[in-house]
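Heads up: the structure comes next, in C-alpha coordinates.
The values are calculated or read from the model by the stated rules, or taken from the named source; none is laboratory data. Every value quoted in this text rests on a predicted model; they were computed, and no experiment measured them. No Cβ is skipped: glycine too gets one built from the backbone with ideal geometry, and neighbour counts run over all protein chains shown. These accessible areas exclude ligands, DNA and RNA; they are computed on the full protein's heavy atoms, side chains included. Shrake-Rupley method; radii C 1.70, N 1.55, O 1.52, S 1.80 Å.
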Amino acid sequence: MFCLAVCLGMFAQTDTERRYELLFHEAMLERQKGHHDATFDLLTRCLELRPNASETCFFLAQYYAQMKQTDKAVELFKRAADLSPDNITYMETLGRSYIGKEQYADAIPVFEKMYEQDKSREELLETIYRLYIQEKDFKKAIDVLDRMETIDGKSERISLAKSALYVQMGDHQSAVEAVKALSEEHPYDMNYRTLYANTLMGNGQSDAAYEVLMSVLSEEPDNAKAQQSLRTYFIQMEDEVAVDSITQRILMNRATDTEDKAYMLRQLIGENERSGGDSTSVLNIFNQMLAQPNPAVEIAMLKAAYMDLKQMPRDSIATALELVLQMAPDYAPARLQLVQFAWEADDDARIISLCQAARQYNPEEMAFYYYQGMAYYRSDDKDHALEAFQNGISVINDDSSPEIVSDFYAVMGDILFQKDRKREAFAAYDSCLQWKPDNISCMNNYAYYLSLKGENLDKAEEMSFKTIKAEPKNATYLDTYAWILFMQGRYAEARIYIDQALQNDSTIGAVVTEHAGDIYAMAGDIEGAVSLWQQALAQDPDNKLIARKIKRKKYIKQ
(Lines give C-alpha, C1' and ligand atoms only; values in the text may rest on other atoms or scores of the structure.)
Protein backbone atom coordinates (compact mmCIF):
# COMPACT_ATOMS: atom_id res chain seq x y z
CA MET A 1 0.00 0.00 0.00
CA PHE A 2 2.85 2.35 0.89
CA CYS A 3 4.56 1.72 -2.48
CA LEU A 4 1.27 2.27 -4.27
CA ALA A 5 0.79 5.65 -2.53
CA VAL A 6 4.32 6.76 -3.46
CA CYS A 7 3.79 5.77 -7.07
CA LEU A 8 0.47 7.61 -7.26
CA GLY A 9 2.09 10.75 -5.79
CA MET A 10 4.90 10.65 -8.33
CA PHE A 11 2.39 10.15 -11.10
CA ALA A 12 0.32 13.14 -9.89
CA GLN A 13 3.44 15.29 -9.69
CA THR A 14 4.44 14.31 -13.19
CA ASP A 15 0.97 15.09 -14.46
CA THR A 16 1.08 18.56 -12.82
CA GLU A 17 4.49 19.24 -14.34
CA ARG A 18 3.24 18.14 -17.74
CA ARG A 19 0.20 20.39 -17.52
CA TYR A 20 2.42 23.29 -16.43
CA GLU A 21 4.84 22.82 -19.32
CA LEU A 22 1.99 22.68 -21.84
CA LEU A 23 0.31 25.81 -20.44
CA PHE A 24 3.55 27.77 -20.26
CA HIS A 25 4.45 26.80 -23.83
CA GLU A 26 0.99 27.88 -24.98
CA ALA A 27 1.35 31.16 -23.06
CA MET A 28 4.61 31.95 -24.85
CA LEU A 29 3.02 31.20 -28.22
CA GLU A 30 0.12 33.56 -27.46
CA ARG A 31 2.59 36.18 -26.31
CA GLN A 32 4.47 35.99 -29.61
CA LYS A 33 1.17 36.47 -31.45
CA GLY A 34 0.42 39.57 -29.39
CA HIS A 35 -2.60 37.99 -27.69
CA HIS A 36 -1.83 39.51 -24.31
CA ASP A 37 -5.16 38.86 -22.58
CA ALA A 38 -4.87 35.15 -23.34
CA THR A 39 -1.21 35.17 -22.28
CA PHE A 40 -2.07 36.76 -18.93
CA ASP A 41 -4.77 34.17 -18.23
CA LEU A 42 -2.48 31.27 -19.14
CA LEU A 43 0.39 32.61 -17.00
CA THR A 44 -1.98 33.03 -14.05
CA ARG A 45 -2.98 29.36 -14.36
CA CYS A 46 0.69 28.41 -14.64
CA LEU A 47 1.44 30.22 -11.38
CA GLU A 48 -1.35 28.33 -9.65
CA LEU A 49 0.18 25.04 -10.78
CA ARG A 50 3.76 26.04 -9.90
CA PRO A 51 3.98 29.02 -7.50
CA ASN A 52 7.78 28.75 -7.51
CA ALA A 53 8.28 28.93 -11.28
CA SER A 54 10.63 31.91 -11.67
CA GLU A 55 10.00 32.32 -15.40
CA THR A 56 6.23 32.57 -14.84
CA CYS A 57 6.72 35.11 -12.06
CA PHE A 58 8.92 37.20 -14.32
CA PHE A 59 6.62 37.28 -17.35
CA LEU A 60 3.49 37.77 -15.27
CA ALA A 61 5.16 40.65 -13.42
CA GLN A 62 5.65 42.43 -16.75
CA TYR A 63 1.91 42.35 -17.36
CA TYR A 64 1.16 43.70 -13.89
CA ALA A 65 3.63 46.50 -14.57
CA GLN A 66 1.81 47.38 -17.81
CA MET A 67 -1.47 47.34 -15.86
CA LYS A 68 0.07 49.93 -13.44
CA GLN A 69 -0.20 47.44 -10.56
CA THR A 70 3.36 48.21 -9.52
CA ASP A 71 3.25 46.63 -6.06
CA LYS A 72 2.16 43.28 -7.50
CA ALA A 73 4.72 43.60 -10.29
CA VAL A 74 7.59 44.26 -7.86
CA GLU A 75 6.45 41.37 -5.65
CA LEU A 76 6.64 38.97 -8.60
CA PHE A 77 9.93 40.39 -9.92
CA LYS A 78 11.40 39.86 -6.43
CA ARG A 79 10.09 36.29 -6.27
CA ALA A 80 11.61 35.55 -9.70
CA ALA A 81 14.98 36.98 -8.62
CA ASP A 82 14.91 35.07 -5.33
CA LEU A 83 14.06 31.81 -7.09
CA SER A 84 16.78 32.30 -9.72
CA PRO A 85 19.47 34.40 -8.00
CA ASP A 86 21.97 33.87 -10.81
CA ASN A 87 19.65 35.29 -13.47
CA ILE A 88 21.04 38.79 -14.16
CA THR A 89 17.98 39.81 -16.21
CA TYR A 90 15.66 39.08 -13.30
CA MET A 91 17.95 40.94 -10.88
CA GLU A 92 18.32 44.01 -13.08
CA THR A 93 14.59 44.21 -13.79
CA LEU A 94 13.91 44.05 -10.05
CA GLY A 95 16.48 46.77 -9.38
CA ARG A 96 15.00 49.05 -12.06
CA SER A 97 11.53 48.42 -10.65
CA TYR A 98 12.69 49.54 -7.20
CA ILE A 99 14.16 52.69 -8.75
CA GLY A 100 10.90 53.33 -10.59
CA LYS A 101 9.09 53.22 -7.23
CA GLU A 102 11.82 55.40 -5.66
CA GLN A 103 12.69 52.53 -3.27
CA TYR A 104 16.38 53.35 -3.54
CA ALA A 105 17.39 51.55 -0.31
CA ASP A 106 15.88 48.32 -1.68
CA ALA A 107 17.57 48.80 -5.06
CA ILE A 108 21.10 49.19 -3.63
CA PRO A 109 21.69 45.56 -2.49
CA VAL A 110 20.26 44.29 -5.78
CA PHE A 111 22.76 46.27 -7.86
CA GLU A 112 25.60 45.53 -5.41
CA LYS A 113 24.91 41.81 -5.85
CA MET A 114 24.81 42.16 -9.62
CA TYR A 115 28.19 43.91 -9.59
CA GLU A 116 29.68 41.19 -7.38
CA GLN A 117 28.51 38.60 -9.91
CA ASP A 118 29.88 40.50 -12.93
CA LYS A 119 32.59 43.08 -12.18
CA SER A 120 33.12 43.74 -15.87
CA ARG A 121 29.93 45.83 -15.79
CA GLU A 122 31.50 49.01 -14.44
CA GLU A 123 28.39 51.03 -15.32
CA LEU A 124 26.68 49.34 -12.37
CA LEU A 125 29.01 51.26 -10.04
CA GLU A 126 27.65 54.50 -11.49
CA THR A 127 24.11 53.33 -10.69
CA ILE A 128 25.10 52.31 -7.15
CA TYR A 129 26.82 55.68 -6.65
CA ARG A 130 23.69 57.59 -7.70
CA LEU A 131 21.51 55.44 -5.46
CA TYR A 132 23.66 56.26 -2.43
CA ILE A 133 23.41 59.96 -3.37
CA GLN A 134 19.61 59.63 -3.46
CA GLU A 135 19.74 58.09 0.00
CA LYS A 136 22.14 60.87 1.12
CA ASP A 137 24.57 58.22 2.30
CA PHE A 138 27.59 60.28 1.23
CA LYS A 139 30.16 58.08 2.97
CA LYS A 140 29.01 55.01 1.02
CA ALA A 141 28.94 57.12 -2.16
CA ILE A 142 32.59 58.06 -1.56
CA ASP A 143 33.40 54.38 -1.09
CA VAL A 144 31.93 53.70 -4.52
CA LEU A 145 34.03 56.51 -6.03
CA ASP A 146 37.10 54.91 -4.42
CA ARG A 147 36.21 51.67 -6.17
CA MET A 148 35.93 53.55 -9.47
CA GLU A 149 39.36 55.10 -8.90
CA THR A 150 40.84 51.67 -8.25
CA ILE A 151 39.66 50.58 -11.67
CA ASP A 152 40.20 53.73 -13.78
CA GLY A 153 42.69 55.75 -11.76
CA LYS A 154 42.18 59.28 -10.49
CA SER A 155 40.25 61.67 -12.72
CA GLU A 156 38.94 65.21 -12.51
CA ARG A 157 35.32 64.05 -12.49
CA ILE A 158 35.78 61.57 -9.62
CA SER A 159 38.01 63.85 -7.56
CA LEU A 160 35.58 66.76 -7.85
CA ALA A 161 32.66 64.48 -7.00
CA LYS A 162 34.46 63.24 -3.88
CA SER A 163 35.38 66.80 -2.93
CA ALA A 164 31.75 67.93 -3.27
CA LEU A 165 30.57 65.02 -1.12
CA TYR A 166 33.08 65.86 1.60
CA VAL A 167 31.76 69.43 1.58
CA GLN A 168 28.23 68.05 1.98
CA MET A 169 29.50 66.11 5.00
CA GLY A 170 31.14 69.24 6.43
CA ASP A 171 34.65 67.77 6.02
CA HIS A 172 36.25 70.67 4.11
CA GLN A 173 39.83 69.52 4.66
CA SER A 174 39.12 66.13 3.10
CA ALA A 175 37.44 67.99 0.22
CA VAL A 176 40.70 69.83 -0.41
CA GLU A 177 42.82 66.69 0.02
CA ALA A 178 40.76 64.82 -2.62
CA VAL A 179 41.68 67.37 -5.29
CA LYS A 180 45.22 67.78 -3.96
CA ALA A 181 45.80 64.04 -4.44
CA LEU A 182 44.71 64.37 -8.08
CA SER A 183 47.10 67.29 -8.56
CA GLU A 184 50.01 65.42 -6.99
CA GLU A 185 49.36 62.35 -9.12
CA HIS A 186 49.60 64.55 -12.25
CA PRO A 187 52.23 67.15 -11.23
CA TYR A 188 52.83 68.34 -14.79
CA ASP A 189 49.16 68.97 -15.57
CA MET A 190 48.62 72.66 -14.84
CA ASN A 191 44.85 72.28 -15.12
CA TYR A 192 44.78 69.95 -12.11
CA ARG A 193 46.95 72.32 -10.12
CA THR A 194 44.59 75.15 -11.02
CA LEU A 195 41.69 72.98 -9.95
CA TYR A 196 43.44 72.43 -6.62
CA ALA A 197 43.83 76.20 -6.23
CA ASN A 198 40.12 76.72 -6.90
CA THR A 199 39.26 74.15 -4.24
CA LEU A 200 41.52 75.93 -1.76
CA MET A 201 39.77 79.22 -2.52
CA GLY A 202 36.40 77.57 -2.06
CA ASN A 203 37.59 76.34 1.35
CA GLY A 204 38.66 79.84 2.39
CA GLN A 205 42.41 79.13 2.00
CA SER A 206 43.00 82.07 -0.34
CA ASP A 207 46.70 82.60 0.43
CA ALA A 208 47.52 78.97 -0.30
CA ALA A 209 45.46 79.19 -3.50
CA TYR A 210 47.38 82.30 -4.59
CA GLU A 211 50.72 80.50 -4.15
CA VAL A 212 49.56 77.56 -6.25
CA LEU A 213 48.28 79.85 -9.01
CA MET A 214 51.48 81.87 -9.10
CA SER A 215 53.49 78.64 -9.39
CA VAL A 216 51.34 77.62 -12.35
CA LEU A 217 51.73 81.00 -14.07
CA SER A 218 55.48 81.00 -13.47
CA GLU A 219 55.66 77.81 -15.55
CA GLU A 220 52.91 78.72 -18.04
CA PRO A 221 52.40 82.51 -18.11
CA ASP A 222 49.56 82.22 -20.67
CA ASN A 223 47.60 79.50 -18.86
CA ALA A 224 44.09 80.90 -19.37
CA LYS A 225 42.40 78.84 -16.64
CA ALA A 226 44.97 79.91 -14.05
CA GLN A 227 44.56 83.55 -15.11
CA GLN A 228 40.79 83.30 -14.69
CA SER A 229 41.21 81.73 -11.24
CA LEU A 230 43.65 84.49 -10.30
CA ARG A 231 41.04 87.04 -11.37
CA THR A 232 38.57 85.37 -8.99
CA TYR A 233 41.18 85.64 -6.22
CA PHE A 234 41.69 89.38 -6.84
CA ILE A 235 37.91 89.91 -6.83
CA GLN A 236 37.75 88.20 -3.44
CA MET A 237 40.58 90.45 -2.24
CA GLU A 238 38.67 93.49 -3.64
CA ASP A 239 41.81 94.60 -5.50
CA GLU A 240 40.21 96.48 -8.41
CA VAL A 241 43.52 97.50 -10.00
CA ALA A 242 44.70 93.88 -10.06
CA VAL A 243 41.31 92.74 -11.36
CA ASP A 244 41.50 95.20 -14.27
CA SER A 245 45.08 94.17 -15.04
CA ILE A 246 44.42 90.41 -15.08
CA THR A 247 41.18 90.95 -17.03
CA GLN A 248 43.18 92.72 -19.73
CA ARG A 249 45.67 89.82 -19.82
CA ILE A 250 42.90 87.24 -20.13
CA LEU A 251 41.12 89.08 -22.94
CA MET A 252 44.35 89.56 -24.89
CA ASN A 253 45.49 86.00 -24.25
CA ARG A 254 45.18 83.96 -27.45
CA ALA A 255 44.90 80.81 -25.33
CA THR A 256 41.65 81.98 -23.75
CA ASP A 257 38.58 80.37 -25.31
CA THR A 258 36.43 82.74 -27.35
CA GLU A 259 33.41 81.70 -25.29
CA ASP A 260 35.25 82.65 -22.07
CA LYS A 261 36.27 85.99 -23.59
CA ALA A 262 32.70 86.73 -24.64
CA TYR A 263 31.44 85.82 -21.16
CA MET A 264 33.99 88.11 -19.52
CA LEU A 265 33.16 90.95 -21.91
CA ARG A 266 29.49 90.66 -21.01
CA GLN A 267 30.47 90.84 -17.34
CA LEU A 268 32.54 93.95 -18.04
CA ILE A 269 29.69 95.57 -19.95
CA GLY A 270 27.31 94.85 -17.05
CA GLU A 271 29.76 96.31 -14.52
CA ASN A 272 30.33 99.32 -16.76
CA GLU A 273 26.60 99.96 -17.07
CA ARG A 274 26.15 99.76 -13.30
CA SER A 275 28.94 102.28 -12.76
CA GLY A 276 27.65 104.89 -15.20
CA GLY A 277 27.81 103.36 -18.65
CA ASP A 278 30.90 105.11 -20.09
CA SER A 279 31.39 103.22 -23.34
CA THR A 280 34.89 104.57 -24.06
CA SER A 281 36.77 102.00 -22.00
CA VAL A 282 34.64 99.10 -23.26
CA LEU A 283 35.10 100.09 -26.90
CA ASN A 284 38.83 100.49 -26.29
CA ILE A 285 39.03 96.87 -25.09
CA PHE A 286 37.03 95.69 -28.11
CA ASN A 287 39.32 97.57 -30.48
CA GLN A 288 42.45 96.13 -28.88
CA MET A 289 41.08 92.60 -29.13
CA LEU A 290 40.06 93.06 -32.77
CA ALA A 291 43.47 94.52 -33.61
CA GLN A 292 45.12 91.20 -32.71
CA PRO A 293 45.96 88.68 -35.47
CA ASN A 294 43.01 86.48 -36.46
CA PRO A 295 40.40 87.94 -34.10
CA ALA A 296 37.23 85.94 -33.45
CA VAL A 297 34.13 86.89 -35.40
CA GLU A 298 32.04 86.45 -32.23
CA ILE A 299 33.95 89.31 -30.59
CA ALA A 300 33.37 91.56 -33.61
CA MET A 301 29.65 90.74 -33.52
CA LEU A 302 29.53 91.38 -29.77
CA LYS A 303 31.05 94.81 -30.37
CA ALA A 304 28.34 95.63 -32.91
CA ALA A 305 25.67 94.42 -30.47
CA TYR A 306 27.16 96.60 -27.73
CA MET A 307 27.14 99.64 -30.02
CA ASP A 308 23.51 98.94 -30.81
CA LEU A 309 22.78 98.66 -27.06
CA LYS A 310 24.39 102.07 -26.54
CA GLN A 311 22.27 103.47 -29.41
CA MET A 312 25.31 104.70 -31.30
CA PRO A 313 24.89 106.15 -34.82
CA ARG A 314 23.69 103.63 -37.37
CA ASP A 315 26.70 104.37 -39.60
CA SER A 316 29.07 103.36 -36.81
CA ILE A 317 27.15 100.16 -36.09
CA ALA A 318 27.04 99.38 -39.82
CA THR A 319 30.84 99.77 -39.98
CA ALA A 320 31.21 97.28 -37.13
CA LEU A 321 28.88 94.83 -38.91
CA GLU A 322 30.78 95.20 -42.16
CA LEU A 323 33.95 94.23 -40.28
CA VAL A 324 32.14 91.06 -39.20
CA LEU A 325 31.37 90.27 -42.84
CA GLN A 326 34.97 90.90 -43.84
CA MET A 327 36.02 88.31 -41.27
CA ALA A 328 33.20 85.87 -42.07
CA PRO A 329 31.20 86.63 -45.24
CA ASP A 330 28.79 83.81 -44.41
CA TYR A 331 27.87 85.23 -40.99
CA ALA A 332 24.16 85.67 -41.70
CA PRO A 333 23.10 87.58 -38.51
CA ALA A 334 25.43 90.49 -39.32
CA ARG A 335 24.29 90.72 -42.94
CA LEU A 336 20.66 90.48 -41.95
CA GLN A 337 21.05 93.37 -39.52
CA LEU A 338 22.65 95.46 -42.27
CA VAL A 339 19.71 94.59 -44.52
CA GLN A 340 17.30 95.75 -41.82
CA PHE A 341 19.20 99.05 -41.47
CA ALA A 342 18.95 99.56 -45.24
CA TRP A 343 15.25 98.62 -45.16
CA GLU A 344 14.51 101.25 -42.53
CA ALA A 345 16.46 103.80 -44.61
CA ASP A 346 14.52 102.84 -47.80
CA ASP A 347 17.88 102.09 -49.47
CA ASP A 348 16.63 99.49 -51.93
CA ALA A 349 19.87 99.39 -53.92
CA ARG A 350 21.83 98.54 -50.77
CA ILE A 351 19.30 95.85 -49.83
CA ILE A 352 19.54 94.25 -53.28
CA SER A 353 23.36 94.24 -53.14
CA LEU A 354 23.52 92.74 -49.64
CA CYS A 355 20.95 90.07 -50.43
CA GLN A 356 22.60 89.14 -53.71
CA ALA A 357 25.83 88.40 -51.82
CA ALA A 358 23.86 86.53 -49.16
CA ARG A 359 22.41 84.23 -51.79
CA GLN A 360 25.97 83.14 -52.50
CA TYR A 361 27.06 82.68 -48.88
CA ASN A 362 23.72 81.74 -47.27
CA PRO A 363 21.61 80.20 -50.06
CA GLU A 364 19.39 78.44 -47.51
CA GLU A 365 18.39 81.62 -45.63
CA MET A 366 14.94 82.58 -46.87
CA ALA A 367 14.87 86.06 -45.32
CA PHE A 368 17.40 87.37 -47.84
CA TYR A 369 15.21 86.34 -50.79
CA TYR A 370 12.28 88.07 -49.13
CA TYR A 371 14.05 91.38 -48.57
CA GLN A 372 15.59 91.33 -52.05
CA GLY A 373 12.24 90.62 -53.64
CA MET A 374 10.59 93.41 -51.66
CA ALA A 375 13.36 95.86 -52.57
CA TYR A 376 12.92 95.07 -56.27
CA TYR A 377 9.14 95.38 -55.84
CA ARG A 378 9.48 98.79 -54.17
CA SER A 379 11.74 99.79 -57.08
CA ASP A 380 8.98 98.71 -59.52
CA ASP A 381 11.21 95.97 -60.97
CA LYS A 382 8.57 93.27 -60.97
CA ASP A 383 10.51 90.75 -63.05
CA HIS A 384 13.48 90.64 -60.68
CA ALA A 385 11.16 90.74 -57.68
CA LEU A 386 9.27 87.70 -58.96
CA GLU A 387 12.55 85.87 -59.64
CA ALA A 388 13.76 86.54 -56.07
CA PHE A 389 10.52 85.30 -54.54
CA GLN A 390 10.41 82.19 -56.68
CA ASN A 391 14.00 81.34 -55.71
CA GLY A 392 13.12 81.93 -52.07
CA ILE A 393 10.22 79.52 -52.25
CA SER A 394 12.63 76.82 -53.42
CA VAL A 395 14.34 76.81 -50.00
CA ILE A 396 11.12 76.47 -47.96
CA ASN A 397 11.17 73.58 -45.50
CA ASP A 398 9.21 72.40 -42.46
CA ASP A 399 11.14 74.77 -40.19
CA SER A 400 10.45 77.88 -42.30
CA SER A 401 8.64 80.80 -40.71
CA PRO A 402 4.94 80.66 -41.72
CA GLU A 403 4.78 84.47 -41.63
CA ILE A 404 7.64 84.92 -44.11
CA VAL A 405 6.48 82.12 -46.41
CA SER A 406 2.97 83.53 -46.37
CA ASP A 407 4.25 86.98 -47.32
CA PHE A 408 6.33 85.44 -50.12
CA TYR A 409 3.25 83.99 -51.73
CA ALA A 410 1.14 87.08 -51.05
CA VAL A 411 3.50 89.47 -52.84
CA MET A 412 4.02 86.93 -55.62
CA GLY A 413 0.26 86.87 -56.08
CA ASP A 414 0.15 90.68 -56.36
CA ILE A 415 2.96 90.70 -58.93
CA LEU A 416 1.49 87.87 -60.99
CA PHE A 417 -1.92 89.56 -61.10
CA GLN A 418 -0.32 92.82 -62.21
CA LYS A 419 1.44 90.86 -64.96
CA ASP A 420 -2.00 89.53 -66.00
CA ARG A 421 -1.12 85.95 -64.93
CA LYS A 422 -4.41 85.58 -63.09
CA ARG A 423 -4.48 81.82 -62.51
CA GLU A 424 -0.92 81.76 -61.14
CA ALA A 425 -1.77 84.75 -58.94
CA PHE A 426 -4.79 83.06 -57.40
CA ALA A 427 -2.75 79.85 -56.84
CA ALA A 428 -0.11 81.94 -55.03
CA TYR A 429 -2.79 83.49 -52.81
CA ASP A 430 -4.13 80.02 -51.99
CA SER A 431 -0.62 78.93 -50.97
CA CYS A 432 -0.26 82.06 -48.85
CA LEU A 433 -3.42 81.27 -46.91
CA GLN A 434 -2.39 77.65 -46.43
CA TRP A 435 0.69 78.85 -44.56
CA LYS A 436 -1.09 81.60 -42.66
CA PRO A 437 -4.90 81.46 -42.85
CA ASP A 438 -5.26 84.84 -41.08
CA ASN A 439 -3.12 86.86 -43.51
CA ILE A 440 -5.75 89.56 -43.90
CA SER A 441 -3.76 91.68 -46.34
CA CYS A 442 -3.60 88.72 -48.70
CA MET A 443 -7.31 87.98 -48.18
CA ASN A 444 -8.18 91.56 -49.07
CA ASN A 445 -6.16 91.59 -52.31
CA TYR A 446 -7.34 88.11 -53.28
CA ALA A 447 -10.97 89.05 -52.68
CA TYR A 448 -10.65 92.35 -54.57
CA TYR A 449 -8.99 90.79 -57.60
CA LEU A 450 -11.66 88.07 -57.71
CA SER A 451 -14.30 90.80 -57.72
CA LEU A 452 -12.56 92.66 -60.54
CA LYS A 453 -12.73 89.49 -62.59
CA GLY A 454 -16.26 88.78 -61.40
CA GLU A 455 -15.19 85.31 -60.31
CA ASN A 456 -16.07 83.23 -57.25
CA LEU A 457 -17.78 86.18 -55.54
CA ASP A 458 -19.06 84.09 -52.64
CA LYS A 459 -15.47 83.13 -51.73
CA ALA A 460 -14.40 86.75 -52.22
CA GLU A 461 -17.19 88.01 -49.94
CA GLU A 462 -16.28 85.46 -47.23
CA MET A 463 -12.60 86.47 -47.26
CA SER A 464 -13.33 90.18 -47.38
CA PHE A 465 -15.76 89.96 -44.46
CA LYS A 466 -12.96 88.43 -42.34
CA THR A 467 -10.74 91.44 -43.08
CA ILE A 468 -13.30 94.01 -41.91
CA LYS A 469 -13.99 91.95 -38.80
CA ALA A 470 -10.27 92.04 -38.06
CA GLU A 471 -9.88 95.77 -38.86
CA PRO A 472 -13.33 97.39 -38.90
CA LYS A 473 -11.98 100.90 -39.58
CA ASN A 474 -9.61 100.04 -42.41
CA ALA A 475 -10.90 102.06 -45.36
CA THR A 476 -9.19 99.84 -47.95
CA TYR A 477 -10.81 96.69 -46.55
CA LEU A 478 -14.20 98.42 -46.27
CA ASP A 479 -13.97 99.55 -49.90
CA THR A 480 -13.14 96.01 -51.03
CA TYR A 481 -16.08 94.54 -49.13
CA ALA A 482 -18.44 97.23 -50.44
CA TRP A 483 -17.30 96.60 -54.01
CA ILE A 484 -17.84 92.83 -53.70
CA LEU A 485 -21.37 93.46 -52.40
CA PHE A 486 -21.88 95.80 -55.37
CA MET A 487 -20.73 93.06 -57.77
CA GLN A 488 -23.24 90.69 -56.09
CA GLY A 489 -26.03 93.23 -56.67
CA ARG A 490 -26.44 93.95 -52.93
CA TYR A 491 -26.44 97.73 -53.46
CA ALA A 492 -28.09 98.87 -50.21
CA GLU A 493 -25.57 96.87 -48.13
CA ALA A 494 -22.71 98.06 -50.35
CA ARG A 495 -23.67 101.69 -49.66
CA ILE A 496 -23.44 101.13 -45.87
CA TYR A 497 -19.85 99.87 -46.13
CA ILE A 498 -18.67 102.38 -48.74
CA ASP A 499 -19.93 105.19 -46.50
CA GLN A 500 -17.84 103.73 -43.67
CA ALA A 501 -14.84 103.60 -46.01
CA LEU A 502 -15.31 107.28 -46.88
CA GLN A 503 -15.62 108.20 -43.19
CA ASN A 504 -12.46 106.33 -42.21
CA ASP A 505 -10.24 107.46 -45.12
CA SER A 506 -8.55 110.81 -44.44
CA THR A 507 -6.95 110.81 -47.90
CA ILE A 508 -9.66 109.33 -50.12
CA GLY A 509 -8.27 108.21 -53.49
CA ALA A 510 -9.97 108.46 -56.84
CA VAL A 511 -10.70 104.71 -57.01
CA VAL A 512 -12.59 104.63 -53.70
CA THR A 513 -14.51 107.78 -54.58
CA GLU A 514 -15.43 106.39 -58.00
CA HIS A 515 -16.58 103.14 -56.35
CA ALA A 516 -18.75 105.18 -54.01
CA GLY A 517 -20.33 106.97 -56.95
CA ASP A 518 -21.03 103.68 -58.74
CA ILE A 519 -22.64 102.23 -55.61
CA TYR A 520 -24.75 105.35 -55.02
CA ALA A 521 -25.92 105.26 -58.64
CA MET A 522 -27.04 101.64 -58.47
CA ALA A 523 -28.64 102.27 -55.08
CA GLY A 524 -30.83 104.96 -56.71
CA ASP A 525 -29.05 108.13 -55.51
CA ILE A 526 -27.98 109.66 -58.84
CA GLU A 527 -27.40 113.14 -57.41
CA GLY A 528 -25.06 111.74 -54.76
CA ALA A 529 -23.37 109.58 -57.39
CA VAL A 530 -22.66 112.52 -59.69
CA SER A 531 -21.18 114.50 -56.80
CA LEU A 532 -18.84 111.63 -55.94
CA TRP A 533 -17.85 111.08 -59.58
CA GLN A 534 -17.01 114.77 -59.87
CA GLN A 535 -14.71 114.44 -56.84
CA ALA A 536 -13.07 111.38 -58.40
CA LEU A 537 -12.59 113.19 -61.74
CA ALA A 538 -10.92 116.10 -59.94
CA GLN A 539 -8.43 113.61 -58.52
CA ASP A 540 -8.00 111.77 -61.85
CA PRO A 541 -8.70 114.31 -64.64
CA ASP A 542 -7.69 111.96 -67.47
CA ASN A 543 -10.25 109.29 -66.55
CA LYS A 544 -12.65 109.39 -69.49
CA LEU A 545 -14.94 106.72 -68.05
CA ILE A 546 -15.75 108.90 -65.03
CA ALA A 547 -16.46 111.85 -67.36
CA ARG A 548 -18.90 109.70 -69.33
CA LYS A 549 -20.66 108.63 -66.13
CA ILE A 550 -21.10 112.26 -65.12
CA LYS A 551 -22.37 113.23 -68.57
CA ARG A 552 -24.87 110.39 -68.78
CA LYS A 553 -25.69 110.45 -65.06
CA LYS A 554 -25.57 106.68 -64.85
CA TYR A 555 -23.24 103.85 -63.93
CA ILE A 556 -21.27 102.52 -66.90
CA LYS A 557 -19.59 99.13 -66.53
CA GLN A 558 -15.93 99.20 -67.47
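Observations, loosely collected:
- On a per residue basis, the chain carries 53 Å² of accessible surface, using protein heavy atoms and a 1.4 Å probe.
- Cβ-derived FRET efficiency at R0 22 Å, residue 420 paired with residue 544, nearest 0.05: 0.50
- Here the extension length gained between residue 308 and residue 35 equals 91.6 nm, from 0.36 nm per residue of separation less the Cα-Cα distance.
- Residues in the range 366-371 carry Karplus couplings, in order, of 5, 4, 5, 5, 5, 5 Hz; the curve used is 6.51 cos²θ - 1.76 cosθ + 1.60 with θ = phi - 60°, and Gly or Pro positions show x.
- Percent RCO, i.e. relative contact order, over the range 46-179, from Cα pairs under 8 Å lying at least 6 residues apart: 12
- Gain upon complete extension [residue 19, residue 238; 0.36 nm per residue less C-alpha separation]: 70.5 nm
- Fraction of accessible area attributable to carbon and sulfur, the chain (%, probe 1.4 Å): 49
- Ranked by the mean number of other Cβ atoms within 10 Å of their residues, highest first, the peptides 297-304, 506-513 come out as 297-304, 506-513.
- Residue 319 paired with residue 44, simple spin-label distance in nm, labels 7 Å along Cα-to-beta-carbon: 8.4
- Label point of residue 535 set 7 angstrom out along Cα-Cβ; within the range 454-497, amide nitrogens under 19 Å from it belong to 473-484, 486, 492-497.
- Fraction of the pair-distance distribution of the range 100-218 above 21 Å, Cα-Cα pairs, percent: 45
- Descending by average beta-carbon neighbour count within 10 Å, the peptides 143-152, 176-185 line up as 176-185, 143-152, the highest first.
- Our estimate of slack between residue 122 and residue 488, defined as 0.36 nm per intervening residue step minus the Cα-Cα distance, is 123.7 nm.
- Entry note, the chain: relative contact order of 3 percent, from Cα contacts under 8 Å with a spacing of 6+ residues.
- With helices as the sole contributors, the chain gives -25500 deg cm²/dmol at 222 nm; each DSSP H run of n ≥ 4 counts as -39500 (n - 2.57), and the sum is divided by every residue.
- Separation between Cα centres of the range 248-267 and the range 11-63, rounded to whole Å: 67
- Unit charges on C-beta of K, R, D, E only; dipole of the range 83-172, Debye: 180
- Each residue of the range 244-259 is assigned a 3J(HN,Hα), and the resulting list reads 4, 5, 5, 4, 4, 4, 5, 5, 8, 7, 5, 7, 6, 4, 4, 4 Hz, derived from the Karplus form 6.51 cos²θ - 1.76 cosθ + 1.60 (θ = phi - 60°), x at Gly and Pro.
- Amide N of the range 294-318 lying under 20 Å from the label point, which is placed 7 angstrom from the Cα of residue 266 along Cα→Cβ: 296-311
- Of the residues 348, 399, the one with the largest accessible area comes first in the ranking 399, 348, computed with a 1.4 Å probe on protein heavy atoms.
- Solvent-accessible surface (1.4 angstrom probe) belonging to residue 353, in square angstrom, nearest 10: 70
- Applying a threshold of 19 Å to the alpha-carbon distances of 180/225; 72/101; 78/136 flags 78/136 as lying beyond it.
- The range 396-519: relative contact order as a whole-number percent, Cα under 8 Å and 6+ apart: 16
- The packing ranking, built from the mean of other Cβ atoms within 10 Å per residue, places the peptides 364-374, 473-483 in the order 473-483, 364-374, highest first.
- In a DSSP loop and with at most 11 other Cβ atoms within 10 Å, the GluC sites (Glu not before Pro) in the range 100-141 are 102.
- Cα gyration tensor shape for the range 266-388, rounded if a/c is under 1.5, else prolate or oblate: prolate
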